[in-house]
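Asks: Please read through the structure below; I'll follow up with questions.
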Amino acid sequence: MTTEQTARAAAKADRRQSLLQAAARLFAELGFTSVRLEDLGAACGISGPGVYRHFPGKNAVLGELLLQVSRDLLTGAQQVVARQGPARGILAALVRFQADFAVAHRDVIAVQDREMRHLDAEARAEVVRLQRAYIGLWADQLVLVHPDEDHATAVFRAQAAFGLLNSTPHSVRRSPADQSGRGALLERMALAALLAGPVGG
């Protein structure tokens with residue numbers, strides 16, 4: 001590949017990523033059904049038809065947005081777990097990782113919460129598979145932290161913590177100060193919930 005071809009490929013990848021970022025913002029603000037390809041293009045300085053050079057349609061944009069974030073979360077969590085160490089330490093690192101993501105990607109969380117139904121069957125199945133694998137990494141650590149609890153309870157704990165951490169579209173404003181302070185508080189609250197003993201224990 002020539003230098004010129006490499007530069008063109010990099011520019012195309014950057015434009016594709018810009019479209020995904022614009023889609024996250026617009027889908028979160030307006031809703032998937034209200035956003036047109038022309039809106040996505042305008043947000044990135046290209047025409048509506050120009051979007052087709054990067055994605056075959058609006059559903060494909062949504063699919064790639066949610067697949068990309070699901071892959072990134074799973075990869076990040078796998079890297080946290082690979083560092084090894086005490087289960088509580090790994091769990092704390094997972095919470096910090098998710099809290100940082102939730103604060104930085106409020107729009108994506110809102111889109112995932114509301115717009116999954118618009119994914120085609122194949123994309124939805126893959127997103128669900130990736131999410132289950134992600135939850136599974138958390139559950140594995142929770143079983144070690146709470147050896148008297150079964151795997152289903154560990155999954156329940158993880159999902160409850162996600163509900164708290166992923167509240168950022170409603171609980172955290174966009175200002176850096178608010179994101180920093182409330183993100184840290186969410187992290188502490190989620191970790192306390194995950195480490196809490198059973199009722200009556």
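Asks: Under a 5 Å amide H to amide H cut-off, with H placed in plane at 1.01 Å, what residues pair with residue 48 once short-range neighbours are removed?
Replies: The list, which skips near neighbours in sequence, is empty: none.
Asks: Just to check I understand the Karplus step: with θ = phi - 60° and J = 6.51 cos²θ - 1.76 cosθ + 1.60, what whole-Hz values come out for region 29-44, glycine and proline as x?
Replies: 7, 10, x, 4, 5, 8, 8, 9, 4, 4, 5, 5, x, 4, 5, 10
Asks: Which order do 189, 116 take by accessible area at a 1.4 Å probe, largest first?
Replies: Result, largest first: 189, 116.
Asks: Separate question: In whole Å, how far is the Cα centre of region 45-103 from that of region 104-122?
Replies: Taking the Cα centre of each part, region 45-103 and region 104-122 sit 12 Å apart.
Asks: Report the gain in length on full extension from residue 52 to residue 114: 0.36 nm times residue separation, minus Cα-Cα distance, nm rounded to one decimal.
Replies: 19.9 nm
Asks: Roughly speaking, to the nearest percent, how much of the chain's 1.4 Å accessible area is carbon and sulfur?
Replies: Ligands and nucleic acids excluded, carbon and sulfur reach 55 percent.
Asks: Then there's this: Extension gain residue 196-residue 84, at 0.36 nm per residue separation less the Cα-Cα distance, in nm?
Replies: 38.1 nm is the gain from fully extending residue 196 to residue 84.
Asks: Mind checking the full-extension length gain between residue 167 and residue 2? Use 0.36 nm per residue of separation minus the Cα-Cα distance, one decimal, nm.
Replies: So the extension gain works out to 54.8 nm.
Asks: Could you derive backbone 3J(HN,Hα) for region 68-84 from the dihedral phi with the Karplus parameters 6.51, -1.76 and 1.60 (θ = phi - 60°), listing whole Hz in sequence and x where the residue is Gly or Pro?
Replies: So the Karplus estimates, Gly and Pro as x, are 4, 5, 5, 5, 5, 5, 5, 4, x, 5, 4, 5, 4, 5, 5, 5, 6 Hz.
Asks: Solvent-accessible area per residue for the chain at a 1.4 Å probe radius, Å²?
Replies: That works out to 54 Å² for each residue.
Asks: Continuing with this model, one more query. With the Cα gyration tensor of region 5-97 giving a ≥ b ≥ c as the square roots of its eigenvalues, does the rule (a/c under 1.5 for rounded; else a/b larger than b/c for prolate; else oblate) give rounded, prolate or oblate? Please list the in-between numbers first.
Replies: On the way: a/c = 3.52, a/b = 1.99, b/c = 1.77.
Here region 5-97 falls in the prolate category.
Asks: Can you pull the three principal axis extents for the Cα set of region 87-138, in Å, largest first?
Replies: 38, 22, 10
Asks: Rounded to the nearest 0.05, what FRET efficiency do residue 42 and residue 14 have when you use their Cβ-Cβ distance and R0 = 22 Å?
Replies: Between residue 42 and residue 14 the formula returns 0.80.
Asks: Roughly what would the spin-label model give for residue 128 and residue 156, points 7 Å off Cα along C-beta, in nm?
Replies: About 2.2 nm separates the two model spin labels.
Asks: Using θ = phi - 60° and the Karplus curve 6.51 cos²θ - 1.76 cosθ + 1.60, what whole-Hz ³J(HN,Hα) does each residue of region 48-56 get, with Gly and Pro shown as x?
Replies: Karplus-based 3J(HN,Hα) across region 48-56 equals x, x, x, 4, 5, 6, 10, 9, x Hz.
Asks: With charges set only on the Cβ (+1 for Lys and Arg, -1 for Asp and Glu), what does the dipole of the chain come to about its Cα centre, in debye to the nearest 20? Let's see the in-between values first.
Replies: On the way: 23 positive and 20 negative charges, 71 e Å.
Dipole magnitude for the chain comes out near 340 debye.
Asks: Quote the relative contact order of region 30-115 in percent (integer), defining contacts as alpha-carbon pairs under 8 Å separated by 6+ residues.
Replies: Rounded, it is 24 percent for region 30-115.
Asks: Residue 186: net charge of surrounding residues, Cβ under 11 Å, Lys/Arg +1, Asp/Glu -1, itself excluded?
Replies: +1
Asks: Same structure again: Let me check against my output: what whole-number percent is the relative contact order of the chain, with C-alpha pairs under 8 Å and at least 6 apart?
Replies: Normalised by residue count, the contact order of the chain is 21 percent.
Asks: Ranked from the most accessible area to the least, with a 1.4 Å probe and all protein chains present, what is the order of 168, 153?
Replies: Most to least solvent-accessible, the answer reads 153, 168.
The values are calculated or read from the model by the stated rules, or taken from the named source; none is laboratory data. Values in this document were obtained by computation on a predicted structure and should not be read as measured data. Positions of Cβ are generated from backbone atoms using ideal geometry, with glycine treated the same way; all protein chains shown enter the neighbour counts. To get the accessible areas, we keep the full protein, side chains included, count just its heavy atoms, and leave off ligands, DNA and RNA. Shrake-Rupley method; radii C 1.70, N 1.55, O 1.52, S 1.80 Å.
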